[in-house]
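Undergrad: One structure is given below, represented as structure tokens, and several questions about it will come after.
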Amino acid sequence: AQSVTQPDIHITVSEGASLELRCNYSYGATPYLFWYVQSPGQGLQLLLKYFSGDTLVQGIKGFEAEFKRSQSSFNLRKPSVHWSDAAEYFCAVGARDMRFGAGTRLTVKP
Amino acid sequence: EAGVAQSPRYKIIEKRQSVAFWCNPISGHATLYWYQQILGQGPKLLIQFQNNGVVDDSQLPKDRFSAERLKGVDSTLKIQPAKLEDSAVYLCASSLDRAGNEQFFGPGTRLTVL
């Protein structure tokens, strides 16, 4: 069965610092992988997605993610975090039947 | 382009009462999803519609939850009777079809069961 693990419940970074959020998945075939962001009281917004092709995926708001099949990972990165990036981030796997991780809450220190 | 609309945004009820949520997907989107997001967890898929047919309701507690999508557009999700553990945000999402296309999410309905 497909599943997603986000090992970090909460991460705090300083504004301007780099960011990496971890995501590990379990999936029987070539996975469809997604990263969503959720601000307080808001719905989920898609940051980026991977279906096939180039394993380094560029998304909105300066985010990128790299698919590593050998490690079953799809980690999200951003070179310089802004205060407005503080939110909950969800990794998801699947196409017709999407499974979400438990999320990583990002706090940005001034 | 209008997004996914949901109402109400907030609802407070007592246990054993009934409640219904409404969702209007993006125009032209054939697939509609209902998710339950309990505080501190990721969204969990409850039910998925393709047009007006159910394609996956394996995680829907059918003894108390029901959903319909008449005419393949709007959808309602009902809980009857509600339990304390149903307190959560109920998210509706839509996509063009099921084949891995991006799901667009509504703002959700926050349900509190007292």
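The values are calculated or read from the model by the stated rules, or taken from the named source; none is laboratory data. Since the structure is predicted, the reported quantities are computational estimates derived from the model, not experimental observations. No Cβ is skipped: glycine too gets one built from the backbone with ideal geometry, and neighbour counts run over all protein chains shown.
Undergrad: Restricting the search to the range B:41-84, which residues are of a type in the set (S, T, N, Q) and farther than 29 Å from A:Tyr89 by Cβ?
TA: B:Asn51, B:Asn52, B:Ser66, B:Thr76, B:Gln80
Undergrad: Considering only residues that are within 14 Å of chain A (Cβ to nearest Cβ) and touching a Cys at 6+ places or on another chain (Cβ under 8 Å), which ones fall in the range B:70-93? Walk me through it before giving the result.
TA: Residues of the range B:70-93 within 14 Å of chain A (Cβ to nearest Cβ): B:88-93.
If the condition is that a residue be within 14 Å of chain A (Cβ to nearest Cβ) and touching a Cys at 6+ places or on another chain (Cβ under 8 Å), then B:Cys92 is the only one that fits.
Undergrad: Could you tell me whether the range A:11-24 includes any residue that is assigned to a loop (DSSP other than H, G, I, E, B), more than 11 Å from the chain's Cα centre (by Cα) and under 24 Å from B:Ala93 (Cβ atoms)?
TA: The answer is no; no qualifying residue exists.
Undergrad: If I filter the range B:36-58 down to residues being surrounded by fewer than 16 Cβ atoms within 10 Å (Cβ to Cβ) and more than 9 Å from chain A (Cβ to nearest Cβ), which single residue comes out as modelled with the highest pLDDT?
TA: B:Ile38
Undergrad: Would you pick out the residues in the range A:65-110 that are outside any strand (DSSP E or B), away from every other protein chain (no Cβ under 14 Å) and surrounded by 14 or more Cβ atoms within 10 Å (Cβ to Cβ)?
TA: Residues satisfying the conditions are A:Ser72, A:Val81, A:Asp85, A:Ala86.
Let's see how each residue does on (1) in contact with a strand residue (DSSP E or B) (Cβ under 8 Å, 6 or more places away or on another chain); (2) among the hydrophobic types (A, V, I, L, M, F, W, C); (3) crowded, with 18+ Cβ neighbours inside 10 Å:
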residue: A:Gly16; (1), (2), (3): no, no, no
residue: A:Arg22; (1), (2), (3): yes, no, no
residue: A:Pro31; (1), (2), (3): yes, no, yes
residue: A:Phe34; (1), (2), (3): yes, yes, yes
residue: A:Ser39; (1), (2), (3): yes, no, no
residue: A:Leu44; (1), (2), (3): yes, yes, yes
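Undergrad: Which is under 20 Å from B:Gly42 (Cβ atoms) and modelled with pLDDT under 95, of A:Pro110, A:Pro7, A:Pro31?
TA: A:Pro31
Undergrad: Name the residue that is modelled with the lowest pLDDT, counting only residues in the range B:15-35 that are among the hydroxyl-bearing types (Ser, Thr, Tyr) and in a strand (DSSP E or B). Write out each step before concluding.
TA: So the first thing to find is which residues in the range B:15-35 are among the hydroxyl-bearing types (Ser, Thr, Tyr), and the list is B:18, B:27, B:31, B:33, B:35.
The next check asks that each one be in a strand (DSSP E or B); those that pass are B:31, B:33, B:35.
Values: B:Thr31: 92, B:Tyr33: 95, B:Tyr35: 96.
Top of the filtered list is B:Thr31.
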